[in-house]
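Down below is the structure, laid out as structure tokens.
Read-outs: derived from the displayed coordinates by stated rules, not from any lab. Worth saying up front: this structure is predicted, and the values here are computed from it rather than measured. Virtual Cβ from ideal backbone geometry, glycine too; neighbours counted across all protein chains shown.
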Amino acid sequence: MSASTGHTIEQRIDDLLKHTGVWEQTKDTLRDLLAEHKAGTLDAEDASYIEGLHKKMFGGRTASAVSDAKPAPPRPRDIAAVKPANDDAQLASTRRGLVGADLIQALRQDIAQLVVPGDMADRSQEEQDLRNEILEALTATLDDIDAN
């Protein structure tokens with residue numbers, strides 16, 4: 001049990017598994033780490049990972065303190081400081097006068113251009129897989145819209 005929050009590993013993992021901002025793949029890892037903890041084989045590095053992730057997701061507070069707290073007002077962000085690599089991309093969907101099927105086709109091109117970068121082969125396999133899943137989901141949504 002950590003002296004900083006009074007939270008056990010089980011409580012931290014339970015909090016993280018309930019958090020909507022934690023990816024499913026991460027939740028699977030957390031379940032594996034919980035099993036290791038229960039078996040007494042969890043190493044210190046993994047325990048530190050769990051504590052760090054909990055602090056990141058809950059700001060160092062317990063889940064009950066977070067759920068009782070009022071939501072913080074959004075902080076202003078300096079968007080000018082962040083310039084994506086594709087910020088100057090010419091988007092097909094910005095052409096004037098596009099309607100129906102032409103607009104959907106232009107959106108398909110834009111989405112593919114934004115989700116799948118030119119240096120995709122240089123990225124990790126995990127990132128490539130995630131980007132492909134996102135592209136498939138967005139394309140399926142456009143297919144549904146086009147069908148209706």
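Details
- Environment charge at LEU138 (Cβ cut-off 12 Å; Lys +1, Arg +1, Asp -1, Glu -1): -3
- Proximal aspartates and glutamates relative to LYS56, as straight alpha-carbon distance under 14 Å, when same-chain residues fewer than 8 apart are discounted: ASP15
- Set of aspartates and glutamates with alpha-carbon distance to LYS18 below 14 Å, sequence-local pairs under 8 removed: GLU10, ASP28
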